[in-house]
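Have a look at the structure below before the remarks.
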Protein chains: 2
Amino acid sequence: MQSFTEENYLKTIYYLATRQEGEVTTNALAEMTATRAASVTDMLRKLADKQLIHYKKYQGVRLTEEGERLALQIIRRHRLWEVFLVEKLGFGWDEVHDIAEELEHVRSEELVTRLDTYLGYPQFDPHGDPIPTPAGQMPETGYRKLSEAGPGDSIRLMGVLEHSTEFLQHLDRCNLTLGCLVTIAEINAFDKSVLVQIESGRPVFVSHEVAKNLLVN
Amino acid sequence: MQSFTEENYLKTIYYLATRQEGEVTTNALAEMTATRAASVTDMLRKLADKQLIHYKKYQGVRLTEEGERLALQIIRRHRLWEVFLVEKLGFGWDEVHDIAEELEHVRSEELVTRLDTYLGYPQFDPHGDPIPTPAGQMPETGYRKLSEAGPGDSIRLMGVLEHSTEFLQHLDRCNLTLGCLVTIAEINAFDKSVLVQIESGRPVFVSHEVAKNLLVN
DNA sequence: CTAAAAATTTAGACTAGTCTAAATTTTTAT
DNA sequence: ATAAAAATTTAGACTAGTCTAAATTTTTAG
Ligand SMILES: [Mn+2]
Ligand SMILES: [Mn+2]
Ligand SMILES: [Mn+2]
Ligand SMILES: [Mn+2]
């Protein structure tokens, strides 16, 4: 049985491992968890003792199979709760992350199972992130970034890489909702900003910075 | 902002205060929270510092107005989540208490408000306990115990005083569900056990011990 | 290859919450 | 009214998780 803190470290290690090659570093973890490197080192020794990570001093860290299973379980709970908050309680997709951060730690297998059933076995959370299976597999999506699409491409907005309230509210103001079909009208040669034509809507300017955080198929 | 632990102490103090006259004692708290008296004393000093309880050494303890407000807020969350678990997720009334013990600590005003709306502003939880108002008032019910009813009385089962899984499952087996109408057929003079006639059902024997834990109107 | 910089770990300390054992206060029973 | 019993508090210690400052190891650059 893990503490909240241990669960958060596992989740963070998983997250960082998917974003870069090789081992996850102490400093990266310290930054993500808003603690100091010394605190991270202490926790890494504990997680290694529990066989949840592979850890050699100064060499960074990697989840064990069991560690990854637990991390995915926590991510599954987080994303299911986000679906609940948006679909059932009517929260905006920009409001649910912090609440899900708390709900994800409620420990009851039965609760997660019933919640999943109640929600109709959703495949994706409100931000387009895939929901890990009960068995602990993270579904592959094969999405690419909007910034990698070319002029004339007709694509569907499937997810976001950035989850901050500000970013999500910005998308709301641009009428860029998940699932909407857009066509790349033009890519500015100078700043790489993208002019997209939203299906049945007005054209919208998307900065390169924003385009890099939009996932499409 | 209170920790989980502080919230649990406040809730326990409230609970004990409603069950007996006068101040709540250190030992009673130690027993309820499954800790030792010394630990309780430490916490009482902390809660007193935060002005959540009135506390004089050796004299027991009483919630301040602010302390009671917080306690009722936590009880409100607990009971709303229990309603959710039973009504929406299909849990049995004997399975929800422990999960609600965790959910009650998720801190978000907005979440509670929306949950309340989503559930249709329920007045009672699955055990017949009244749900405190958003403003922090505990509704009066005026129920009495089944053990206090007389022969011939026609009454409705409105709540339970005992919340253990065993007790609730026992009631399930006797077909004693909340809201059901029963008539007292006979009270045994020797052991005070009660023979009740359930509306549209077979008569059921209820021991005095059980009758003392059933609330009726 | 080596010296400086960066990253990481160790040492020692602090808080919240808990414990046991000992001391103190209150209650109870002669 | 007092002595014993019960309740409560204090003293001192422990764990989880955190911190700062110092020491160590690894990486980078010349
Ligand atoms: Mn999230
Ligand atoms: Mn999400
Ligand atoms: Mn309960
Ligand atoms: Mn209840």
(request) Assess whether residue A:70 counts as being more than 11 Å from every other protein chain (Cβ to nearest Cβ) and at negative phi. (result) yes
(message) With the requirement that a residue be within 14 Å of residue B:48 (Cα to Cα), within 11 Å of DNA strand C (Cβ to nearest atom) and outside any loop (DSSP other than H, G, I, E, B), what does region B:1-23 give you?
(response) B:6, B:7, B:9
(request) List every residue pair whose Cβ atoms lie under 7 Å apart, where the two residues are 6 or more positions apart in sequence or sit on different chains, the first residue falls within region A:119-148 and is in contact (Cβ under 8 Å) with a residue 60 or more places away in the chain and away from every other protein chain (no Cβ under 14 Å), and the second residue, located anywhere, is assigned to a helix (DSSP H, G or I) and within 13 Å of ligand 1 (Cβ to nearest atom). (result) A:132/A:75; A:132/A:76
(request) Would you mind finding the one in B:104, B:82, B:95, B:109 that is in contact with a Ser or Thr (Cβ under 9 Å, 6 or more places away or on another chain) and farther than 17 Å from residue B:16 by Cα? (result) B:95
(request) Tell me, please, whether a residue that is more than 10 Å from ligand 4 (Cβ to nearest atom), more than 11 Å from chain A (Cβ to nearest Cβ) and surrounded by 20 or more Cβ atoms within 10 Å (Cβ to Cβ) can be found in region B:90-107. (result) no
(message) List the residue pairs whose Cβ atoms are under 6 Å apart, where the first residue sits in region B:56-69 and is under 16 Å from residue B:16 (Cα atoms) and in contact (Cβ under 8 Å) with a residue 40 or more places away in the chain, the second is among the acidic types (Asp, Glu) and buried (at least 16 other Cβ atoms within 10 Å of the Cβ), and the two are 6 or more positions apart or on different chains.
(response) B:61/B:23; B:62/B:23
(request) Would you be able to say whether some residue in region A:157-179 is under 15 Å from residue A:206 (Cβ atoms) and in contact with a Cys (Cβ under 8 Å, 6 or more places away or on another chain)? (result) yes
(request) Determine the pairs where a residue that is touching a residue at least 24 places away in the same chain (Cβ under 8 Å), located within region B:94-106, has a partner that is of a type in the set (S, T, N, Q) and within 16 Å of ligand 2 (Cβ to nearest atom) with Cβ atoms under 6 Å apart, the partner being 6 or more residues away or on another chain. (result) none
(request) Starting from residues that are surrounded by fewer than 16 Cβ atoms within 10 Å (Cβ to Cβ) and assigned to a helix (DSSP H, G or I), keep the ones in region B:54-74 and report whichever is nearest to DNA strand C (Cβ to nearest atom). (result) B:66
(message) Are there helices (runs of 4 or more DSSP H) fully within region A:94-210 with at least 3 residues that are more than 22 Å from residue A:69 (Cα to Cα)? List them.
(response) A:165-173
(request) Output yes when any residue across region A:41-49 is among the acidic types (Asp, Glu) and either surrounded by fewer than 14 Cβ atoms within 10 Å (Cβ to Cβ) or without any contact (Cβ under 8 Å) to a residue 24 or more places away in the chain (or both), and no when none is. (result) yes
(message) Can you tell me which of (1) surrounded by fewer than 22 Cβ atoms within 10 Å (Cβ to Cβ); (2) more than 8 Å from chain A (Cβ to nearest Cβ); (3) in contact with a Phe, Trp or Tyr (Cβ under 9 Å, 6 or more places away or on another chain) is the one residue B:82 doesn't meet?
(response) (1)
(request) Output the residue which, of all residues in region A:147-160 that are at pLDDT below 95 and of a type in the set (A, V, I, L, M, F, W, C), is farthest from residue A:191 (Cα to Cα). (result) A:155
(request) Answer with yes or no whether residue B:77 is away from ligand 3 (no atom under 16 Å from the Cβ) and surrounded by 15 or more Cβ atoms within 10 Å (Cβ to Cβ). (result) no
(message) Considering only residues that are touching a Lys or Arg at 6+ places or on another chain (Cβ under 8 Å) and of a type outside the set (Ser, Thr, Tyr), which ones fall in region B:131-161?
(response) B:131, B:132, B:134, B:136, B:145, B:146, B:161
(message) Residue under question is residue A:110, and the condition is that it be within 10 Å of chain B (Cβ to nearest Cβ) and under 13 Å from the mean Cα position of the chain (by Cα); does it hold?
(response) no
(request) Return a yes/no flag: does region A:159-166 have any residue that is small (Gly, Ala, Ser), in contact with a Phe, Trp or Tyr (Cβ under 7 Å, 6 or more places away or on another chain) and more than 14 Å from chain B (Cβ to nearest Cβ). (result) yes
(request) Taking residue A:184 as the residue in question, decide whether it is modelled with pLDDT under 95, crowded, with 16+ Cβ neighbours inside 10 Å and closer than 27 Å to residue A:83 by Cβ. (result) no
(message) For region A:27-53, give me the residue count where each residue is part of a loop (DSSP other than H, G, I, E, B), out of contact with any Phe, Trp or Tyr (no Cβ under 8 Å at 6 or more places or on another chain) and either among the β-branched types (Val, Ile, Thr) or over 15 Å from residue A:7 (Cβ atoms) (or both).
(response) 4
(message) Checking the conditions here, which among B:63, B:72 is closer than 18 Å to residue B:12 by Cα and within 16 Å of DNA strand D (Cβ to nearest atom)?
(response) B:63
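The values are calculated or read from the model by the stated rules, or taken from the named source; none is laboratory data. None of the values given here were measured: they were computed from a predicted structure. In this analysis, Cβ positions are derived from the backbone assuming ideal geometry, glycine residues included, and neighbour counts consider all displayed protein chains.
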